[in-house]
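Only the coordinates and a few stated rules stand behind these numbers; no lab work does. Note that this is a predicted model, so its numbers are computed, not measured. Positions of Cβ are generated from backbone atoms using ideal geometry, with glycine treated the same way; all protein chains shown enter the neighbour counts.
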Amino acid sequence: MLTITHFLIVSTLMFFIGIYGFLTRRNLITLLMSIELIINSVNINFVVFNRYLYPGQLQGQFFAMFIIAIAAAEASVAIALIINIYRRFTSIEVDDVDEMKY
Amino acid sequence: MNYYYTIWIVLIPFIVFLLTGLFGNRFKPIVSGIIGTAGLFTSFILSIYTAWKYFFVPGGETGSFDTLIAFKTTWLQVSDKLIIDLGVLLDPISVMMLVVITTVSFMVHFYSLGYMKGERGFARFFAFLSLFTFSMLGLVVATNIFQMYIFWELVGVSSYLLIGFYYERPSAVAASKKAFIVTRFADLGFLIGILLLSYYTGSFNFSDITNPQSPVFTSISSVSFMGMSAITWSMLLIFMGGAGKSAMFPLHIWLPDAMEGPTPVSALIHAATMVVAGVYLVARMFPVYAFHAPEALTIIAWIGGITSLFAAVIACTQYDIKRVLAYSTLSQIGYMMLALGVSGYGGEEGLGYMASMFHLFTHAMFKALLFLGAGSVIHAVHSNYMYEMGGLRKYLPITHFTFLIACLAIAGIPPFAGFFSKDEILVAAWYHNRLLFSLEYLVAGITAFYMFRLYFGIFWNKERHYHHTPHESPLTMTIPLILLAAGSAFTGFIPFGSFVTSDRVPFEPEMHLSIAIPSVIIALAGILLAYVLYRKESMVSKKVSASLGSMYSLVYNKFYIDEVYLFVTKRILFNLVSRPVAWFDRHVVDETMNRIAWVISVTSNKIKGLQSGQLQHYAMVFVSGTVILVLIILYNLTLS
């Protein structure tokens, strides 16, 4: 029997894996993937809380839908940015993109 | 009766100013001139119509002229009590001033079409003239002292712009700055006076402050400060503003220099309208002076008397014809101030008030005429100096004739306008103060002398060598001369006592032959003296001036007042006040600020490495911050 705890454990793991990836990876694409992980962990939380705590309502599910849509938009913008960064720096290493320092 | 339209008298010049000022360089210059003149003509007609309606169509049943608020709008509401309006107030003096200003301004506009022809900045000139007319009209119809102050400053600005019209000429620039600074300094007094007065009365509106029946007026009371009541102080300070604009001694120094401006400007601003603003101000506040600050009136009378004598003496020695006229203006305004100073309130007592306004009216006519005539002469011989003129009566017949009328008017020869108004002033002075009265007799003689010195020097005397034969000015210039000459000749017959009096109840001033006849004789003596000395080229005048020696050079150098001012400002003020203050500013104020800036720049240099540009550093900081916050919250939760 799956309880709410199981789901929350999974989403927490995803969240911290995402954070870890965001902080340690050097490749911008990987960073983007880490962000997706974080977003989806939140998504899982929404759906799970909705399902287990307020089964008669749908807000959480709708929220998840919205987030999926926005994540798609965000991913496309991010990839466009990354392409431009590649053209400018001929690299997508995050260390190389440090023009905005002091 | 409906006077709502009077707002247009004021607004038309403003609209003209916007038109010619903003789009002036898109038209041909002459178009700007015509727009300006046509606009002023409309205002002129409206003013005449208003005056006719106000004075001749019976409205009030009391037999006195009412104060009407023709238009009013709230301009600024600072609090429930402190409300500043803009509006149009009509009473005898403001209606009279509307007529004077629009008449002279219209004449000057018309005259300038000829005089300024072909000058660079023709459109700019007309724009400034309209701006000036607008501000002056706004000043005289002010419903409250604050509105008056606003327009007072606007008048100052337009005067500054017009004096500095020939801005390529360093002397014009210096003169405009001088005029602005001196009048601005005086206006500081005016402002403080306004604040004091409104503090004690709780009102800005003339209908409260200057109406002897209003509760505000009767309940004016104030503390005493240094031997005089605070109201007297405030009225003196307000007079200081008036003295600055009206160039009363010792704030007169800017007016002679203001002659650097084009001659029509001198006629309009520095003879007929703006410089009488001070007289108008005192007249406007007159009930307050008469009932609450009689000491201030005495001071005004003496300052007026001293200025009239002092300026008349200087005028005898000057060679620049415009400067002679400038000093004569000072002297005549001194007369007006004196008349106000010796006046009482109500009925026959208020003779001085009525005489002052009468003289203001006639003076505007003949002084504008004198200046325009001088402009016509300057136009013909291209010089300002008397010793480069002479024998011009053959070449400039119209100018000669009109100038003669103006000289007779200012000298006080009957039946010309100046005689009647000056006579009233002398009568008023006779009843009040014999010393001032005899002073004015003397000044009347000197006035006749220097005016005819000018007249004989320009139109008779020896003919000089001219570069080209002088010729009479074009019609645009001679028509205003003729019209103003008619004004100077006949305005004296206006029964002014029926229109403008201190308490608005008409009365019939008597002729005092015992005072009038000696004054005419004195004036004739002055003319005769001038005739003997300047009719032909003679050495007598030179000998006289040489025998006076240092006295003469003292007067010729205008009693060294300018030098005194320079000494006070450069040696005393600059050294004792400005330099220490400048030192304090540089070494204390600036240094503090520099130190603060230095500390900040050093600190930021040290910590700028935090801004590494590395995305992941920022994210790291962000995440650790969040984690710390979460830990703190959890810790607090477990505690509670």
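Quick look at the values:
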| read-out | value |
| --- | --- |
| Intensity falloff of the protein assembly as shown expressed as log10 I(q)/I(0), Debye formula with alpha-carbon point scatterers, at q = 0.10 Å⁻¹ | -0.94 |
| Reachable aspartates and glutamates from residue B:608, criterion Cα separation under 16 angstrom, eight or more residues apart if same chain | A:98, A:99 |
| Dipole of the protein assembly as shown, positive direction: furthest Cα of B:469, B:272, B:343, with charges on the beta-carbon | B:469 |
| Cβ crowding within 10 Å averaged over residues, with B:608-618, B:36-46, B:468-478, B:401-411 ranked highest first | B:401-411, B:36-46, B:468-478, B:608-618 |
| The range A:1-96: equivalent-ellipsoid semi-axes (sqrt of 5 x gyration tensor eigenvalues, Cα, Å) | 32, 16, 6 |
| Cα gyration tensor shape for the range B:232-330, rounded if a/c is under 1.5, else prolate or oblate | prolate |
| The range A:1-91 - percent relative contact order, Cα under 8 Å, separation 6 or more | 25 percent |
| ³J(HN,Hα), Karplus 6.51/-1.76/1.60, whole Hz, each residue of the range B:137-146, x for Gly, Pro | 5, x, 5, 6, 8, 4, 8, 9, 5, 6 |
| Tensor-based shape of the range B:451-537 (alpha-carbon gyration tensor, a/c under 1.5 rounded, otherwise prolate or oblate) | oblate |
| Within the protein assembly as shown: Cβ-based charge dipole about Cα centre, in debye rounded to nearest 20 (Lys, Arg +1; Asp, Glu -1) | 1820 debye |
| Qualifying lysines (Cα of each under 26 Å from Cα of residue B:536; at least 8 residues distant if same chain) | B:322, B:367, B:394, B:462 |
| Electrostatic dipole magnitude of the range B:221-380 [Cβ: Lys, Arg +1; Asp, Glu -1; Cα centre; debye, to 20] | 200 debye |
| Average beta-carbon neighbours from other chains, 10 Å sphere, peptide B:302-308 | 0 |
| Partner lysines for residue B:72 [C-alpha distance under 21 Å; skip if fewer than 8 residues away on the same chain] | B:53, B:81 |
| Packing-based order for B:494-506, B:554-566, using average beta carbon neighbours within 10 Å, highest first | B:494-506, B:554-566 |
| Using θ = phi - 60° and Karplus 6.51 cos²θ - 1.76 cosθ + 1.60, couplings along the range B:505-510 (whole Hz; Gly, Pro as x) | 9, x, 9, 10, x, 8 |
| Distant-in-sequence amide H partners of residue B:85 (H built 1.01 Å from N, under 5 Å) | B:75 |
| Shielding by partners, peptide A:86-96 (average Cβ within 10 angstrom, other chains) | 1 |
| Dipole moment magnitude, nearest 20 debye, chain B about Cα centre, only Lys, Arg, Asp, Glu C-beta charged | 2020 debye |
| Pairs of Cα atoms farther than 18 Å apart, the range B:569-640, % | 71 percent |
| Rg over Rh, two decimals, the range B:7-158 (C-alpha only, Kirkwood Rh) | 1.03 |
| Mean separation of Cα contacts under 8 Å, 6 or more apart, over the residue count of chain B: relative contact order % | 12 percent |
| Dimensions (Å) - chain B, Cα atoms, principal axes, largest first | 113, 64, 52 |
| Long-range amide H partners of residue B:71 with built H, under 5 Å | B:88 |
